[in-house]
Amino acid sequence: MNLALWIAAALLAVVALAGVAPVTVPVTAVCRVLLMVGAMITLLRHHDLRFVALNLICLALAAFIAWGRFGPGSFAA
């Protein structure tokens, strides 16, 4: 499960660096933030704290990408 999260994060970065379909990167990043929030809620409700830190890191990276692409000083090309 966690390997899939890291592969998705790597592919998101590759697509952003390649400049292919640039509109999909921020939309995917926002969806990933929502997914990580749901995952953290589920983990906390089931008292499974092993992966909360990992999900928090993924959430922070996705939020940074979304903010950088949609934010006031967008670094989108």
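How high is the FRET efficiency from ALA13 to LEU54, r the C-beta distance, R0 25 Å, rounded to 0.05? Kindly include the intermediate steps, with their values, before the conclusion.
Numbers: r = 17 Å, r/R0 = 0.68.
The value I calculate is 0.90.
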Pick from VAL30, VAL52, VAL20 the residue whose mean-square fluctuation is largest in a GNM of the chain, springs joining Cα atoms under 10 Å. VAL20
Of the convex hull enclosing the alpha-carbon atoms of the range 2-70, the direction-averaged projected area in nm² is 4.3
A correct Karplus calculation of ³J(HN,Hα) over the range 26-34, with 6.51 cos²θ - 1.76 cosθ + 1.60, θ = phi - 60°, whole Hz and x for Gly and Pro, returns x, 5, 5, 5, 5, 4, 5, 4, 4
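Since every read-out is calculated from the coordinates, none of them should be taken as a lab result. In this text, all values refer to a predicted model and were calculated from it rather than measured experimentally. Here the Cβ is made from the backbone with ideal geometry for all residues, glycine too, and neighbour counts use every protein chain on show.
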